[in-house]
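Please read through the structure below; I'll follow up with questions.
The values are calculated or read from the model by the stated rules, or taken from the named source; none is laboratory data. Values in this document were obtained by computation on a predicted structure and should not be read as measured data. Neighbour counts run over all protein chains shown; Cβ positions are idealised from the backbone, glycine included.
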Amino acid sequence: MHDSNRGRNYTIGLALGMLVASAIGYFALWEPTATLQQQIELQASEAAKEYQDGAYISLECEARAIADASKPECLSAKAEAAKEAERNERDLEAQRTMAVWTQAMGKAAVIGTGVGILGLFLIFVTFWETRKAAHAGREANDIARENSHRQLRAYLGVTSVKVVSRTLIYVKIKNFGQTPATNVQMETRHEVKESGDLHSVFHPFGMIDPGVEVSGIIASDNSTLSLPSRACNLRVFISIDYDDQMGGKWTREACFYLPIWLAKKMPWQLHVQPNTTKERERPTNNDERN
């Protein structure tokens, strides 16, 4: 599941959890408590009506065989006692109602605590998933930038190494990329196994535009040996250093050799030696300092 969808699902789950908790609170706590309060109020009202009944008070005084002269005082005392009993009944009603709601609030607090803990957990999970989604977005941007870099950067490669005479070798390189290569420098080292000596030549090219092919020349002079006129075990080691436009620094290496069975007469077209062509990224100045 995608990280953003997962985070949205957690948010929806939190909202549904709150709705379910509200429904449970209403049907399991509020409605039963309100019903019980109504029953308490109804019982208290019925008891209070008995104390408010004048006939009940009068019958109670008559049942005591009180003289007619004392009967008004009895009625007055009983009426006052009935009012006091009614007040006590109402106080009891209030106490019972308070006790019922206190119990309900206690249960609601316990449920609310659980819901709060669940909510905090879901918020934490949502935050974590959002962070993961942001990290995945950054990784995707890095991958896209790296892919764009790979598609657009310069790629230098050797297209041919040709021996045109005993004193002259042409090395052609080309930019196969879509942007210019800068600070291009090529070093060639040629070896004739009969002599066992390596001879290095440096070729500074500067910048090579996309699709452009340039040639490096290895020529015999007083510091290098001439090639033998007959077939020989010739190898040319090539190393090309260059920079791309995105800040990358690269080195392309390869080795070309002369197959003896092809060396019948000049010019000689050298072949790339298997498993010698490779490219590596050189460290930047910041990497070197670190």
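Need at least 1 residues that are modelled with pLDDT of 90 or more and among the aromatic types (Phe, Trp, Tyr) per element, so show me which strands (runs of 3 or more DSSP E) inside region 202-290 make the cut, counting only ones lying wholly within it.
Correct list: 234-243, 249-257.
Inspect all residues belonging to region 114-131 and state whether any of them is in a helix (DSSP H, G or I) and within 30 Å of Gln38 (Cα to Cα).
Yes, there is a match, as at least one residue in region 114-131 is in a helix (DSSP H, G or I) and within 30 Å of Gln38 (Cα to Cα).
Related question: Going through Val201, Val214 one at a time, which residue ends up being touching a residue at least 12 places away in the same chain (Cβ under 8 Å), over 17 Å from Phe256 (Cα atoms) and surrounded by 14 or more Cβ atoms within 10 Å (Cβ to Cβ)?
Exactly one of Val201, Val214 is touching a residue at least 12 places away in the same chain (Cβ under 8 Å), over 17 Å from Phe256 (Cα atoms) and surrounded by 14 or more Cβ atoms within 10 Å (Cβ to Cβ), namely Val214.
Taking region 164-192 only, how many residues are charged (D, E, K, R) and either surrounded by 15 or more Cβ atoms within 10 Å (Cβ to Cβ) or in contact with a Phe, Trp or Tyr (Cβ under 8 Å, 6 or more places away or on another chain) (or both)?
4
Which ones in region 94-134 are within 19 Å of the chain's Cα centre (by Cα) and without any contact (Cβ under 8 Å) to a residue 40 or more places away in the chain?
Passing the criteria: Phe121, Phe124, Phe127, Trp128, Arg131, Ala134.
For Gly137, are the conditions met, namely being assigned to a helix (DSSP H, G or I), touching a residue at least 24 places away in the same chain (Cβ under 8 Å) and farther than 30 Å from Leu258 by Cα?
The answer is no for Gly137.
Hey, among the residues in region 140-159 that are outside any helix (DSSP H, G or I) and surrounded by 15 or more Cβ atoms within 10 Å (Cβ to Cβ), which one's farthest from the chain's Cα centre (by Cα)?
Only one residue tops the list, namely Val158.
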